[in-house]
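A.B. asks: Quick one: this structure, given as structure tokens, is what I'll be asking you about.
Coordinate-derived values only; no laboratory data. This structure is a prediction, so every number in the text was calculated from the model and none was measured. For neighbour counting, all protein chains shown are included, and Cβ atoms are generated from backbone atoms with ideal geometry for every residue, glycine included.
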Amino acid sequence: MKVFFASDVHIGVLGYKTAEANELEERFINWLDMVKIEGETLYLLGDIFDFWFEYKHTIPKGCTSVLAKLRELVKSGVDIHYFCGNHDEWIQDYFTTYIGVIIHNKEPETIELQGKRFVMGHGHKLGLDKRFFARFMHVAFSNRPLYMFCEKMFLSDFFMSWGQNWSRSNMIKKRTQESMTFNPENNKLLTYLENFNQEKVDYFVFGHFHTPTIYPINNSNSSKLFILGEWLRNPQYAVLENGELDLLKLQ
């Protein structure tokens, strides 16, 4: 059986009622149907939703088809692991309690699969972005008292609307300003991985950077970096079979 990896689907970035939004959602659901047939484990490495915030009795509107499909996979025997990204870091207990998904909030994590050692996570908590605002937002989004304050003080309609608009504008800005081509020269991520102080790692797998990539780590003959890419332009995913990891385009 295979192990699948995906990230940065950003359900909701195109709204929830447009033709483009429906196409994105159906594309992801059809892929999950394939995972249900062929896979034993699924790793979702963050930003599957463009903005996620849970109130005690409220979750974001418009995600029900994806949530139902994830529940279907769990009931069929597929183990689903979810690494929270910077757009869905305020996930609480809904996924665990009602869907059966295993939530990972800290990253990177070292995991062994099919005899190979992986280091994986979303990628936004690697300390690579030195901008004050970026560091502030990472701390704020992982702050439990701040989450509880927002959950108690802001009406859900107001806060959900604000969050979705802010997240959507941030995503659009990122896509228009950043190159979608991986440049290994003076790359902060590669420098971080080359200095990674752990035992031998076969595969580093991240989302967040939106550039589908397979790249060898310089200080190792076998370690490789995999960046999963995003689903809005050129959907790709990774699959592990018989100890070999590959990055595939969605057909």
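A.B. asks: Taking the highest mean first, how do the peptides 69-77, 204-212, 19-27 order by number of other beta carbon atoms within 10 angstrom per residue?
C.D. replies: On the way: 69-77: 16.0, 204-212: 23.7, 19-27: 14.1.
So the order, starting with the most tightly packed, is 204-212, 69-77, 19-27.
A.B. asks: Using label points projected 7 Å from each Cα along Cα→Cβ, tell me how many nm separate residue 19 and residue 250, to one decimal.
C.D. replies: Simple spin-label model gives 1.8 nm for this pair.
A.B. asks: Grab the Cα-Cα distance for residue 194 and residue 61, subtract it from 0.36 nm times how many residues apart they are, and report the gain in nm with one decimal. Mind dumping the intermediate values first?
C.D. replies: Details: separation 133, 0.36 × 133 = 47.88 nm, distance 4.18 nm.
Gain on stretching residue 194 to residue 61: 43.7 nm.
A.B. asks: Turning to a different aspect of this structure: Grab the other residues whose beta carbon is less than 13 angstrom from that of residue 26, score K and R as +1, D and E as -1, and report the net.
C.D. replies: -2
A.B. asks: When ranked by the protection proxy of mean other Cβ atoms within 10 Å per residue, highest first, what sequence do the peptides 4-10, 113-119, 234-240, 86-92 form?
C.D. replies: Details: 4-10: 26.1, 113-119: 16.3, 234-240: 19.9, 86-92: 21.6.
So the order, starting with the most tightly packed, is 4-10, 86-92, 234-240, 113-119.
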